[in-house]
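These notes are about the structure you will find just below.
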Amino acid sequence: MFFHDPLYMVIMLVGGALVFLPQLWVKNTVARFSEVRTARGSSGQSVARRILDEHGLRDVPVEMVDGFLSDHYDPGQRVVRLSPEVYQGSSVASVAVAAHECGHAIQHVKGFYPVVVRSSLVPLANLGSQMGPILLMLAVFLGLGSKMGGMGFYVALAGVVLYGLAVAFHFVTLPVELDASGRALKVLQGNYYLNQDELSGAKKVLTAAAFTYVATALYALMELLYWVFRLLGSRRD
């Protein structure tokens, strides 16, 4: 069983660190710069509204949504949703996060290609993340890890392909998130929403947030490669 495979256990431990440590980093960074009020004192909502208006997105509303770090742009309904701390807050973290979500809205209206690709991958990625691991576990009981043939091999192959779609989605997400942060920082600097010290803090907030996506993608890739090598190894037996 893969639960007794030392390599799989190492991947699980490393993966756990890749998920936990960046989340801890971003929470601590956001908490730190949530205590730093901007010189202008503008709320996340007012900054988001101004950025959207400046880019011709007056029809995109800015709404408040419950939940810590629940901030996101909904491309289906074309709305920027901000958590209470960001919506009402006037800190460096609030402004940085609000600008980042506006970056996604700008990407959407400009047809930023990675966004188009990611949107097309959503249904396949959802299927892959749900069914891929199930099929891989089923393949283990059908003989993966010993002399696998026939049904077990093809079940595992299907699981690898499906899970690969989910992994692809994670990697397509990276340029989307990095570009949104880049757009946010450019706007914040160019229109003097933040001074230089505040802009440095905003960069730290957005860098920490971006690394959570990098870490998640790396963990998913490690798992996928593990199953690919097990699949190939079982075929050689």
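The values are calculated or read from the model by the stated rules, or taken from the named source; none is laboratory data. Quick caveat, the model's predicted, so the values are computed rather than measured. Positions of Cβ are generated from backbone atoms using ideal geometry, with glycine treated the same way; all protein chains shown enter the neighbour counts. For accessibility, only protein heavy atoms count, side chains too; no ligands or nucleic acids. Shrake-Rupley method; radii C 1.70, N 1.55, O 1.52, S 1.80 Å.
Specify which of the listed residues (Val65, Val60) is open to solvent by less than 20 Å² (accessible area, probe 1.4 Å) and touching a Lys or Arg at 6+ places or on another chain (Cβ under 6 Å).
Val60
Restricting to region 22-38, give me the number of residues that are within 13 Å of Ala93 (Cα to Cα) and either of a type in the set (S, T, N, Q) or open to solvent by less than 90 Å² (accessible area, probe 1.4 Å) (or both).
9
Are any residues in region 20-60 under 24 Å from the mean Cα position of the chain (by Cα), in contact (Cβ under 8 Å) with a residue 40 or more places away in the chain and over 24 Å from Arg81 (Cβ atoms), and if so, which ones?
Result: Leu21, single match.
Could you tell me whether any residue of region 30-37 is within 19 Å of Glu177 (Cβ to Cβ) and touching a helix residue (DSSP H, G or I) at 6+ places or on another chain (Cβ under 8 Å)?
Scanning region 30-37, I find at least one residue that is within 19 Å of Glu177 (Cβ to Cβ) and touching a helix residue (DSSP H, G or I) at 6+ places or on another chain (Cβ under 8 Å), so the answer is yes.
With the structure loaded, tell me whether Ala158 is crowded, with 17+ Cβ neighbours inside 10 Å, hydrophobic (A, V, I, L, M, F, W, C) and assigned to a helix (DSSP H, G or I) or whether it fails that test.
no
Okay, residues lined up against (1) in a helix (DSSP H, G or I); (2) of a type in the set (D, E, K, R); (3) under 18 Å from Leu185 (Cβ atoms):
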| position | (1), (2), (3) |
| --- | --- |
| Leu21 | yes, no, no |
| Ser42 | no, no, yes |
| Ile51 | yes, no, yes |
| Leu57 | no, no, no |
| Tyr87 | yes, no, no |
| Val95 | yes, no, yes |
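Select from region 99-114 the residues that are out of contact with any Lys or Arg (no Cβ under 9 Å at 6 or more places or on another chain) and assigned to a helix (DSSP H, G or I) and list them in ascending order.
Lys110, Tyr113, Pro114
Let me spell it out: the conditions are (1) more than 20 Å from the chain's Cα centre (by Cα); (2) open to solvent by less than 10 Å² (accessible area, probe 1.4 Å), and Ala184 meets all of them except one. Which number is the exception?
Unmet condition: (1).
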